[in-house]
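First the structure, in the form of structure tokens, and then the observations on it.
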Amino acid sequence: MTRRRRLRPHMALWSVLCAICLTVLALVEQAALTGSQTVSALPTLAVLPSITPTLPTHTPTVTATPTATPTATPSATWTTSPTLIPSATPTLSERVLVVTAIMPGVVAMPAATELPPGITVLYAPPPPVEPLIAATMAQPPYTGWHRFESDYPTVRYVPAWTPRLAQSASEGQYHRTEDLNSRTSFAFIGEAVQVRYAAAPNMGIFELIVDGQVLETVDAYAPALAFPVTGVQVLPSGPHVLEIGPTGRKNRASAGAVVGLDAVHVFQADAHTLILPPSVLTVTPTTTPRSAEFELVAAPPTTQPTASPIPPRQVSVAVVIAYDENRNRAADPAEGVRGVTVRVVESTTNRPLASSVTDGSGFAALELETDAPLQVVVPYFDKVWAVGRGRSGATETFTLLIPAANQPGLIP
């Protein structure tokens, strides 16, 4: 009885195995039948029931719950803008930084100024060469050195000075005064001035005043009557006023304090000449504290201005001097004056450049090459002509007719 009960579990296992085998055989048989009908079909793997228990799976579900979200609504806002108010105080838009530097011993040379072409630069007027051209024989402007006599219309004497005749004076006369309160004045235009005065045993000491400043004090004493000149006073370009007056002082050897004026020499540059006197540099020490110190290692060289020379031109001048005996105002062949000296001088310096003497027909020819302004001078007759800047090489002819009232014997 007990043995049969122990064999029952084994029999149940065997029953399950038999059932599985039968099922497999049935599936194989069915697959064989299907394969005979469709060759291309492959056997399908049969899913056998599993004895593993399947546990249920719980998947949580997410549910969206609506929530209230605050939304910012834009609103209009008024903003106040700043108003600009002008002030008298400088702002940064006008000046950012100012630096003052003092460099002792360092001199900054001025930059060279370019001059127009054809300008001649002189550091001083040329010295006067006598005889100078009389202002009464020329037309203004009086370029170069000219002589203004003591009786020139613009020479003023307050009170009046006394005219005196003297053969050695420039025009045969001069003016003198013994009044210590008297003055003479002369207005002129130019860059230099020189005074020709009377020197004698009774002459005193006078002052040469230009534009209110005493430029020279002259002792006019001399053992015999003479007419020397003062030094050349270089002046700025433009109008000036010359004054001459006695000081009341005299040389110990002089018998008086008389002052005498013979002539005034004036230099005026032409439009192509520039007088630039060299400036005098004066270094004045200062005790101002230095804001900064700099060391000048090197500097570019300063370019000095150079004058552009005017190309020389061929100048040809002819002069005819005749004695108008028949008073027909023409130079006839028999009226020429022989042996009269004719010169061509430079207008700005009065320097002779060419000279000739008239022949028997009163004719003289002069030729030269120069770029300077020229004048033709006949010293004996005190006649002056200005030479024009015409075509180079062209001959310019000047004729001097001597009135018939003059005596031919007086002509050299």
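Only the coordinates and a few stated rules stand behind these numbers; no lab work does. Just so it is clear, the structure is predicted and the values come from calculations on it, not from any experiment. Neighbour counts are summed over all protein chains in view; Cβ atoms, including those assigned to glycine, are modelled from backbone coordinates with ideal geometry.
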Sorted by chain and number, the residues with a modelled amide H under 5 Å from that of Asn350, at a separation of 5 or more or across chains, are Trp145
Charged-residue dipole, Cβ positions (Lys, Arg, Asp, Glu), region 149-210 about Cα centre, Debye nearest 20: 80 debye
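If you rank Trp145, Trp385, Trp14 by fewest surrounding Cβ atoms within 10 Å, what's the result?
Going from least to most buried by this count: Trp14, Trp385, Trp145.
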State, to one decimal in nm, how far the label point of Asn328 lies from the label point of Thr162, with both points 7 Å from Cα in the Cβ direction. 5.3 nm
Under 11 Å from the Cβ of Ser361, count the other residues' Cβ atoms, weight Lys and Arg +1, Asp and Glu -1, and hand me the total. -2
Under 14 Å from the Cβ of Pro228, count the other residues' Cβ atoms, weight Lys and Arg +1, Asp and Glu -1, and hand me the total. -3
Can you list the residues, at least 5 places off or on another chain, whose amide H is less than 5 Å from the amide H of Leu122, using H built in the peptide plane? Leu274, Ile275, Leu276
Could you work out how far apart the two model spin labels at Gln139 and Thr306 are, taking each label as a point 7 Å from the Cα in the direction of the beta carbon, and quote it in nm? 3.8 nm
Please tell me the relative contact order of region 120-275 in percent, rounded to the nearest whole number, where contacts are Cα pairs under 8 Å and at least six residues apart. 33 percent
Considering only DSSP beta bridges with both partners in region 313-410, what is the antiparallel share in %, to the nearest 5? 75 percent
HN-Hα J in Hz across region 178-185 - Karplus 6.51, -1.76, 1.60, θ = phi - 60°, x for Gly and Pro: 10, 7, 6, 9, 7, 9, 10, 10
